[in-house]
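The structure under discussion appears below in the form of structure tokens.
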Ligand code: ASP
């Protein structure tokens, strides 16, 4: 017998009809001689009643949780006294039950899924994925793919697949390497992104490209990172920055509308990197709430209060009234994020009490005027090297958000652009300049003369990040299309002509054959779906993710391989004594 409907597609109009449903037994209860089943499929859940004298009873009696069953019966409204409104008011009175398959007792109760240790959920992922929350996340993801594809196809983008076994693409992480059997001692790198290929597709006159691309980055994992992840990768020719941004705004608005019925206001607000850092202490500020920093460096410069007098930056945030315990916790967060400490003051009348109040009497009036701090409110300061001071206060700002649920007052989704990133960043560890986005990002044309000078750090990149609720969900740039500028860039990051040639010779060659002006972007697709779905980990929106040690607990990967397989690729595993 074929099923007549998915469970979630039943409507009150089905009342009185005979239906055949197929799915999993979510729960079984025996009550007053009756068997009550909950039958579940991807689309929903329905209660099934089996009466003791029905022909279905003997088969129904065999059913246990997670058995697969086919149930035929009449769909009808429950007795008036049991109705609460909605589809739960309807149930099926079974006339026939067929056990389609049995199931072992599951290692965890599916309904407890969220509270079950994640390692157990990941080991038995096929069971975890049966849970409605997980089904919902993956269906949302599938709908987002459909919306993206539809929009980009309509806008004239061509979908092209780029290779998985390739050469290193620099995106700032370690490569995953794959040994080549046919070329012993040589390795492919899995792509960190399709960056060079998509640029070559522009050189190859495809004009507009997109791909849902699997990318691989070997880096330490966090809740919003996986070693292999999906990017929505795009590139456009004959465009300037504004063209890329407005195309993206249309696309993002379309995706939210189609998948969630949410209307995002476009255009998205833009903020320069320096402003984002100075005002919010982050290059991906959560703008669902405000709580900006105030700069008070000048108030203390060269003064008596030693801790602030010589600081490159002194930033302050006006927080609500805080307890000592809360301040201590925020200080711990500030220190964890690079600050030496978190100084504080409590507004009391025309001045301040507590914390550093005895050092700031001269500045009190100005502090009140600049920050607008309310009576009883707490001022929180970080001071020191600029990047550390703003970064640490940025972390404090997010902790205040969580403490006072500040984001709840704003829109559910806030999307914005961060632009004008620095082109180059000084890496203290190696003592060299390095690229901030990647080495193919075009510098701002007005800043070209700064290459090779002591003001290199001020060169602005034509780069942009897409920020959603404090998460970086996309990033891209206008690219260098002039070989001379590309050479300048390589030189700035200390790549000799030979090194550049060895790593990207193919690309440097291609650049010389009529490269159109072009630019693009990639969305961190998993992260986007995570934020859209309200999940707190990227693993909740990936069907078969790895845990934060990079292990696939279900398939048990990574794993040792046969010695013969190693010999094939000319490798052996060095065993260390410790
Ligand atoms: N390849 C970049 C990245 O993966 C995105 C881009 O520049 O388009 O971050």
Next on the checklist: I'm trying to understand the selection: among the residues of the stretch 506-532, which are over 21 Å from residue 234 (Cβ atoms) and under 33 Å from the mean Cα position of the chain (by Cα)?
Outcome noted: 506, 508
Checklist outcome for this item: The residue from 325, 387 that alone is in a helix (DSSP H, G or I) and over 25 Å from residue 470 (Cα atoms) is 325
Checklist outcome for this item: Picked from the stretch 144-165 (must be surrounded by 17 or more Cβ atoms within 10 Å (Cβ to Cβ) and within 16 Å of the ligand (Cβ to nearest atom)), the residue nearest to the chain's Cα centre (by Cα) is 148
Next on the checklist: Going by what's in this entry, would residue 65 be described as in a loop (DSSP other than H, G, I, E, B), at pLDDT 95 or above and either at positive phi or buried (at least 16 other Cβ atoms within 10 Å of the Cβ) (or both)?
Outcome noted: yes
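Would you point out which residue out of 204, 189 is within 16 Å of the ligand (Cβ to nearest atom), free of Cβ contacts under 8 Å to residues at least 24 places away in the same chain and not assigned by the TED database to the domain that holds residue 430?
None of the other options fit; the residue is 189.
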Checklist entry - Could you give every pair whose Cβ atoms fall below 7 Å, whose first residue belongs to the stretch 235-256 and is over 17 Å from residue 202 (Cα atoms) and in contact (Cβ under 8 Å) with a residue 60 or more places away in the chain, and whose second residue is away from the ligand (no atom under 16 Å from the Cβ) and in a strand (DSSP E or B), counting only separations of at least 6 or pairs across chains? => result 252/415
Next on the checklist: Anything in the stretch 215-245 that is within 11 Å of the ligand (Cβ to nearest atom) and under 26 Å from residue 510 (Cβ atoms)? List them, or say none.
Outcome noted: 215, 217, 231, 232, 233, 234, 235, 236, 244
Checklist entry - Residue check: is residue 79 without any contact (Cβ under 8 Å) to a residue 40 or more places away in the chain, farther than 28 Å from residue 541 by Cα and not assigned by the TED database to the domain that holds residue 436? => result yes
Checklist entry - Could you say which residue among 212, 196 is assigned to a strand (DSSP E or B), touching a residue at least 24 places away in the same chain (Cβ under 8 Å) and within 14 Å of the ligand (Cβ to nearest atom)? => result 212
Next on the checklist: Is it the case, given these coordinates, that residue 384 is modelled with pLDDT under 95, on the phi > 0 side of the Ramachandran plot and surrounded by 18 or more Cβ atoms within 10 Å (Cβ to Cβ)?
Outcome noted: no
Next on the checklist: I'd like to know if the stretch 362-378 contains one or more residues that are closer than 21 Å to residue 329 by Cβ, more than 16 Å from the ligand (Cβ to nearest atom), surrounded by fewer than 21 Cβ atoms within 10 Å (Cβ to Cβ) and in contact (Cβ under 8 Å) with a residue 12 or more places away in the chain.
Outcome noted: yes
Item to check | Candidates 458, 502, 472 - the one that is within 19 Å of the chain's Cα centre (by Cα) and surrounded by fewer than 20 Cβ atoms within 10 Å (Cβ to Cβ) | outcome: 472
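The values are calculated or read from the model by the stated rules, or taken from the named source; none is laboratory data. Predicted model only: the values in this text are computed from it and were never measured. Reconstructed Cβ throughout: ideal geometry from the backbone, glycine too, with neighbour counts over all protein chains shown.
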